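What follows is a single structure, written as structure tokens, with notes after it.
Please treat every number below as a calculation from the coordinates, not as lab data. These numbers come from a predicted model, not from an experiment. Using ideal geometry, Cβ is built from the backbone for each residue, glycine included, and neighbour counts are taken over all protein chains shown.
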């Protein structure tokens, strides 16, 4: 792909991803295929996407910080520490995974993330959640954080399910998971910064576009039906899954 075309595709995709993250989540489903089209291998695309989307995630978490809180059985500080540790473990695992193996694994990760997102968007009901205790809530958050540092797609709904199961109201759980997503990706970011898998040129384009898209998403928040947005994320995830399974390794 020509460099000018790559720039346009990446910037447009990152605008959409930033708006999507601000409105409904799932922005990585947009940036990952765009980075693959720009010529990055799957692991480099995943690492670069995580680094590039981080500033927008932090802005979203900061904006909703007043609603973020701990669960009745687990303090907010404890959740942050668990998320930091899990994100670091996931990042180390990712960089320890051979690029060729990750290329074969990523279609299954995208399929899993798309299924989780679709279930949380259209099929899950609040009554589906069973209450969990302190130890289980901590272990769930640690496992989700490892997955977040390793891949990250679908962590929003995984955390939302875990936090509501731990006793948080849905609105507080939504704000809390935004903060925790930024926390776990911060620890991953500190590790990824030393990795040659980060492609700084594409990362800069995606970062700028995602910030602009995030600001647009805030404006669109009251104007676009959330169900339509979530349907778009699922459609992108499904198309990406098919494309990755058909893509030669």
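Helix 76-96 axis versus longest C-alpha principal axis of the chain: approximately 30°, rounded to the nearest ten. Packing-based ranking of 65-78, 170-183 yields 170-183, 65-78, ordered from highest to lowest mean Cβ neighbour count within 10 Å.
Separation of the stretch 79-124 from the stretch 33-47 is 16 Å, based on Cα centroids. The angle between the Cα long axis of helix 28-37 and the main principal axis of the chain comes to about 20°, on a 0 to 90 degree scale. Axis of helix 170-192 versus longest Cα principal axis of the chain: the two differ by about 50°, to the nearest ten degrees.
Relative contact order of the chain: 40 percent, from C-alpha pairs under 8 Å at least 6 residues apart in sequence.
Working value for the stretch 142-190: equivalent-ellipsoid semi-axes of 19, 11, 8 Å, each the square root of 5 times a Cα gyration tensor eigenvalue, largest first. For the chain, what D do you get in µm² per second when you plug the Kirkwood radius from alpha-carbon pairs into Stokes-Einstein at 25 °C and 0.890 mPa s? Once the numbers are plugged in, D ends up at 138 µm²/s. Helical content of the chain, expressed as a calculated mean residue ellipticity at 222 nm, amounts to -25500 deg cm²/dmol (DSSP H runs of 4 or more residues, -39,500 (n - 2.57) each, divided by residue number, nearest 500).
Once C-alpha pairs closer than 8 Å and six or more residues apart are averaged by separation and normalised to the residue number of the stretch 95-198, the relative contact order reads 28 percent.
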